[in-house]
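The values are calculated or read from the model by the stated rules, or taken from the named source; none is laboratory data. Predicted model only: the values in this text are computed from it and were never measured. When we count neighbours, we look across all protein chains shown, and the Cβ atoms used for this are built from the backbone with ideal geometry, even at glycine. Each accessible area value is taken on the protein alone, full model and side chains, heavy atoms only, with ligands, DNA and RNA left out. Shrake-Rupley method; radii C 1.70, N 1.55, O 1.52, S 1.80 Å.
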Amino acid sequence: MMLNEIVSTAVKKFGVGREQLLPVLQYVVSQEKWLSEDALLGVARAFDMSAAEVYGVASFYSFLDTKPRGDYVIRVCRTVSCDMAGKEAIMEALEKTLHISVGETTADRKFTLLETNCMGWCAEGPAMLVNDYVYTGLTPEKVVDILQGYMAGA
Amino acid sequence: METITLTINDIAVEIDKGATILDAAKKIGIRIPTLCHHDDLCAAGNCRVCVVEQKGARTLQASCVVPAAEGMQIYTNSRKVREARKTVIELLLSEHAGECTSCYKSGNCELQGLAQEYLACGDAFIDISDKSPIDISSPSIIKDDSKCIRCLRCVRTCAELQGVSALWSTHKGNKTKVETFLNKPMHYVVCTNCGQCVNRCPTGALTERNYIEEVWRAIDDPEKHVVVQTAPAVRVGLGEALGMGSGGVVTGKMVSALKRLGFDSVLDTDFTADLTIMEEGTELLARLKSALQGRKSATFPMMTSCSPGWIKFIEHEFPSLLDNLSTCKSPQQMFGALAKTYYAEKIGVDPAKMVSVSVMPCTAKKFEANRPEMYSSGFKDVDYVLTTRELAHMIRQAGLNFADLEDGKFDSIMGESTGAAVIFGATGGVMEAALRTAYEIVTGREVPFKNLNIEPVRGMEGVKAAGIKVENVKDEWKFLEGAELKVAVAHGLVNARKVMQEAEKGMSPYHFVEIMACPGGCIGGGGQPIPTSPAIRLKRAEAIYEADEALPLRKSHENPEIAAIYREFLGEPLGHKSHELLHTHYTPRNRT
């Protein structure tokens, strides 16, 4: 779908009342992985809101990205329980396998590596998200396996 | 109205239900310090400087947002309050780059004032001020995030008073910032340069871009002939910035000060305000003529074009309605174009050696002077625009004791003006001035209002509407016989938008609409002395009408220098020369 179709589909689905701004932005992210300048402007126009205001709302939420993201967005929990359970080694394995640092996206735009705050899996840390899917009880070996699955196109 | 009674520092106070503790304290003359609170804006309660102690409450209360309640016992100056406030101020200082010795806002900075009052320590906490580069992209406004304390007055101003929201609160927690869309430079977003945010910023995070050094350099250059023009609203604001209290008319002292600063010609934007009335009034009558005689189509309502913040607003937000705008340049730009042509020729100065400076109540005028359309004289028509505040600064630098200056007189040729021009400074003033002249052109009689004061277009209501019946017209205006001229006046862009939305739907009942970007009109402009409040603007507006009534001539067409310029140079209103020098066109812009 073209960007303007995505926006108009979202607007048709949810409406343009102020309280629908979040669902519309979430829908665009679900399709595009991130909110580009054109996407934010398109939403602002549809809602008859200032572009700065839409950007302000988007920038408040960690899951409404305003920077380009890969097909698979990996978010490693950085909160204290996961950290103590070995998050550092998980991050190292991810960085080494993907050849990127945290905050970056691979050149083929397939993976983005980020950190996230607590997801509530403290009992089974370290934990990470790949898009909407949670992986827990991670080890560096497990992480490489998971990545290889996605690289193979899983 | 239901009232409640509480005590503040053991003094009983009765106040309307719904009022805040801060309101109650004000009522009995107790000052509670505030930063994020502003009389023009909705409550925010985010800075916590206004905390007070409530007997029996576990925590301190932010007095600007907590409603006063029956039986409350409030203490505004206990040890607990004083210590908390000091810490709050020190925390604010930790996120503020306190370069007080070099800061342009020094001396008029609310944070600096409070830090001094509470003897707060600038480095009590680690420095977490923002390190982004200063945004100097705009010719009007400088944004320095390192001085921002995130009180969000600017964000509320841009949203509530102007309906523009060029600035918004972005990110969260300790990363919260005030940003434009995608943090683009101010020059590349929908900002209208109105400067209302500058008027309300409690620190030096948002200031006007000042051209003080450039103007001094021009004055110091013996080769240059420096011409200065002063806008109507400056004469009712300047005194405030020089310790004289609000509401005084200081025209004479201002002229003397400008002469002592070394300007070679001290002239008056009011002259071109009168000229604007001649051009814009004629344009309105011409539009009515083509509409009513049905020969050509004409676009209504015609809208005024004096306010450059408003012009940029319509270019961004309603580009399909640009034909509604009068083609008249603003008085500042008419003046600039004439200074380097007509005036230069009259006084025998090479326009290449002329520097044209204007003193404006406005920050958007700086942007306007830099527009590519504004080179009709063959040179940059207005070289530098100073705000009222910058002129006050120069007067202080020069060591002049402003209050004691004698009353000076504007130089001639472009220095004479009428009461109709002075009232350009207040909302409704351009409309009133235009009606005084247009009605008289058409009927041969003065407008049917007592003492020429057209009260229905005066005052601080956001949108004002009026109708004026045109009867017993002169022969050449027969087509207007019995017509009712419907007009509206809006000030503050949030009100302008209401009028524009009506026009966009083709539902506007008006023939002529005056719009000023700033609340109260130019007297409340973004270049006027800080602070501003509804009460201060009311005083400035009263001073404007006082100045009007004090002048012997009160109708633009009676200005003898206006008659002279048409006779000797321009020919007639809307004539060839006028088109070349006094009229302009507009540019559609996007909504980023």
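Between B and A, buried accessible area from a 1.4 angstrom probe totals roughly 1400 Å², ignoring ligands, DNA and RNA.
Kindly provide the trypsin sites (Lys or Arg not before Pro) of segment B:1-68 that DSSP labels as loop, not H, G, I, E or B, and whose Cβ sees at most 15 other Cβ atoms within 10 Å. Answer in residue order: B:Lys17, B:Arg31, B:Lys55, B:Arg58. Evaluating 6.51 cos²θ - 1.76 cosθ + 1.60 at θ = phi - 60° for every residue in segment A:59-65, the Karplus couplings come out as 5, 5, 9, 4, 8, 10, 6 Hz, glycine and proline recorded as x. Averaged over peptide B:183-190, the number of partner chain Cβ atoms lying within 10 Å of each residue's Cβ comes to 2. A loss of 50 Å² or more of accessible area (1.4 Å probe, protein heavy atoms, ligands and nucleic acids excluded) relative to the isolated chain is seen in these residues of segment B:549-592: B:Arg591.
Loop-located trypsin sites (Lys or Arg not before Pro) in segment B:494-566 (DSSP state other than H, G, I, E, B) with a sparse environment of at most 15 neighbouring Cβ atoms within 10 Å: B:Lys505. Over the residues of the protein assembly as shown, the helix contribution to mean residue ellipticity at 222 nm works out to -10000 deg cm²/dmol, using -39500 (n - 2.57) for each DSSP H run of at least 4. Computed from Cα atoms, the angle from the helix A:21-32 axis to the main principal axis of chain A rounds to 60 degrees.
Is the shape of segment A:3-60 rounded, prolate or oblate, going by the alpha carbon gyration tensor and its root eigenvalues a ≥ b ≥ c, with a/c under 1.5 for rounded and a/b larger than b/c for prolate? The shape class here is rounded. Counting heavy atoms of the protein chains alone, B:Thr87 has an accessible area of about 60 Å² for a 1.4 Å probe. Shape of the protein assembly as shown from its Cα gyration tensor (a ≥ b ≥ c, root eigenvalues): rounded if a/c is under 1.5, otherwise prolate when a/b > b/c, or oblate? Cα axes put the protein assembly as shown in the prolate bin.
Of the chymotrypsin sites (Phe, Trp or Tyr not before Pro) found in segment B:67-132, those in coil by DSSP whose Cβ has at most 14 other Cβ atoms within 10 Å are B:Phe125.
Neighbours of B:Ile126 by Cβ distance under 12 Å: Lys/Arg scored +1, Asp/Glu scored -1, total -4.
Placing +1 on the Cβ of every Lys and Arg and -1 on the Cβ of every Asp and Glu, with no other charges, gives chain B a dipole of roughly 1500 debye about its Cα centre.
Segment B:210-248 and segment B:438-485 have Cα centres spaced 36 Å apart. Taking 0.36 nm per residue of separation and subtracting the Cα-Cα distance, full extension of the segment from B:Lys131 to B:Phe479 would add 118.8 nm. Summarising the label geometry, the points placed 7 Å from Cα in the beta-carbon direction at B:Arg58 and B:Ser78 lie 1.6 nm from one another. Surface analysis of segment B:124-208 yields an accessible area of 33 Å² per residue, using protein heavy atoms and a 1.4 Å probe. Counting only other chain Cβ atoms within 10 Å of each residue's Cβ, the peptide A:39-52 averages 5. Among the residues of B:161-169, the average count of other protein chain beta-carbon atoms within 10 Å of the residue beta-carbon is 4. Could you check how much of the accessible area of chain A is carbon and sulfur, as a whole percent, using a 1.4 Å probe? Answer for chain A is 52 percent, counting heavy atoms of protein chains only.
Share of segment B:63-197's accessible area from carbon and sulfur, percent, 1.4 Å? Show your work: numbers first, answer last.
Working: 3430 of 5860 Å².
Using a 1.4 Å probe with all protein chains present, segment B:63-197 comes out at 59 percent carbon and sulfur.
Summarising the strand pairing of chain B, around 50 percent of its internal DSSP beta bridges are antiparallel.
Where does the longest stretch of chain A lie that holds no trypsin sites (Lys or Arg not before Pro) found in a DSSP loop with 15 or fewer other Cβ atoms within 10 Å?
A:1-108
Does segment B:340-403 come out rounded, prolate or oblate by the C-alpha gyration tensor, with a ≥ b ≥ c the root eigenvalues, rounded set by a/c under 1.5 and, if not, prolate when a/b is larger than b/c and oblate if not? Oblate.
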